[in-house]
Each structure stands twice: as C-alpha cells, then as structure tokens.
C-alpha cells in the first residue's frame, strides 16, 4: 500500500537550474496538491488539481508550474530555481477535492530541496 | 489575521502527562476540523477529525471544538515518547484546506 509517492527525497540545485518533482498516488483519488512547508509559515498551497485535466493556482504559485499527467500523477516544475524556493515540498491527494466537507488529505513523505 | 492560528511551541512534557494543543480560527462558516500529526522528516498524516461543536475520542486522543469561541483543542492522555511530533490543526475551509503552522511536541521519557 504505497499511498502517495514522491521523488526525489532530496535535491540540491544551483540558482537558475530547473527540475521536476514527481508525485503519484495509487488510491484513485480525484484531487492532488502541491504544498511547501517552511519554518514558521506552515503548509502553503502552491498548486492543486481538483480533477484530471484541471489545475489551479494556490497561495504561492509564482516560480512554479504543474502538470496533471493523468489521474495518478501530478508533477511540479521549477523552471529557474531561486534560493527562496529552498523548502520541503509535499504532494497530497484527496478523494473529493475542492474543500469539500470532511475531505481528508493523504501526504507523501516530502522532498527536501535546497537552492544554493 | 490568519484564518487558523496555532501556537508553534515547542512544548516539552514528561511521559504520562496530559497534553493540550490548541488552535483558534476566524471564520464561523468552518464546520470540519482536523488534526494531523507529522513526525520528523515525514509527511503529515490525519489523526482525527471532528464536525461542528463537541468532542470526539479515539483511544488516548480527544478532539474538541468550541464554535462559540472558535477554539479547537486536541488532548493527549498518558502521553508517550512516541507522541513526539508536530501537530497541525486544519480545516477544509469553504473552498480550500487551511492549516495552522503546527505545534512541536516533545514527550520526555
């Protein structure tokens, strides 16, 4: 029972480099999310996909792009990494999506990204 | 004002103590409230959720919501070192999930 799988677990980039964080879920969930977690800031939503074929901006989308490749996979791309993007990134999924009632989120184990 | 506020701690307690973790929220339209537990270098996992006002108990954990004061609490009885983690309160909100910043708890053996 894998749940939500994120790769890679750790990554170090130089300023200006690009990379893609991969996420896959095997729970047949409709909605997927990308969060970043910084000390004192909590979890902040970057982008989300309420259903296959749709994506929407969250709270802090600048500098990121996403692709909902299919129902299982949701990737996050940093086109030109900046030190301010140093953070821990979490992918999550949920059955319903859209802030519905008692929607529960299932998280991956995170990617620790450092941008030098 | 943040929609969900939480004291970041850290909170250190001896093993066996009763722990009280608290959050406040600003929007009276919020109805569901969750507590997520996050161990170091792991993703958050859902611990408990409650609807509207009242208590919900699950083993050593009790979640409580007081809608009149917009106050959310999580109580841990007979705390164990394995309870050492960061606890995040959250609500699905009206259209998007909203998290508190998390309270770091350390239970000392």
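Here are the numbers for this structure:
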{"quantity": "Options A:116, A:69, A:21, A:43; residue that is surrounded by 15 or more Cβ atoms within 10 Å (Cβ to Cβ) and farther than 15 Å from residue B:44 by Cα", "calculated": "A:21"}
{"quantity": "Residue within the stretch B:8-31 that is in contact (Cβ under 8 Å) with a residue 24 or more places away in the chain, loosely packed, with under 13 Cβ neighbours inside 10 Å, touching a strand residue (DSSP E or B) at 6+ places or on another chain (Cβ under 8 Å) and within 14 Å of chain A (Cβ to nearest Cβ) present", "calculated": "yes"}
{"quantity": "The listed residue being in contact (Cβ under 8 Å) with a residue 40 or more places away in the chain, closer than 29 Å to residue B:7 by Cβ and more than 12 Å from every other protein chain (Cβ to nearest Cβ), out of A:75, A:87", "calculated": "A:87"}
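Results for (1) modelled with pLDDT of 95 or more; (2) within 26 Å of residue A:96 (Cβ to Cβ); (3) surrounded by fewer than 21 Cβ atoms within 10 Å (Cβ to Cβ), shown as yes or no for each residue.
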position: B:68; (1), (2), (3): no, no, yes
position: B:75; (1), (2), (3): yes, no, yes
position: B:80; (1), (2), (3): yes, no, yes
position: B:90; (1), (2), (3): no, yes, no
position: B:95; (1), (2), (3): no, yes, yes
position: B:98; (1), (2), (3): no, yes, no
position: B:108; (1), (2), (3): yes, no, yes
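The values are calculated or read from the model by the stated rules, or taken from the named source; none is laboratory data. Quick caveat, the model's predicted, so the values are computed rather than measured. Every residue, glycine as well, gets a Cβ built from its backbone with ideal geometry; the counts of neighbours run over all protein chains shown.
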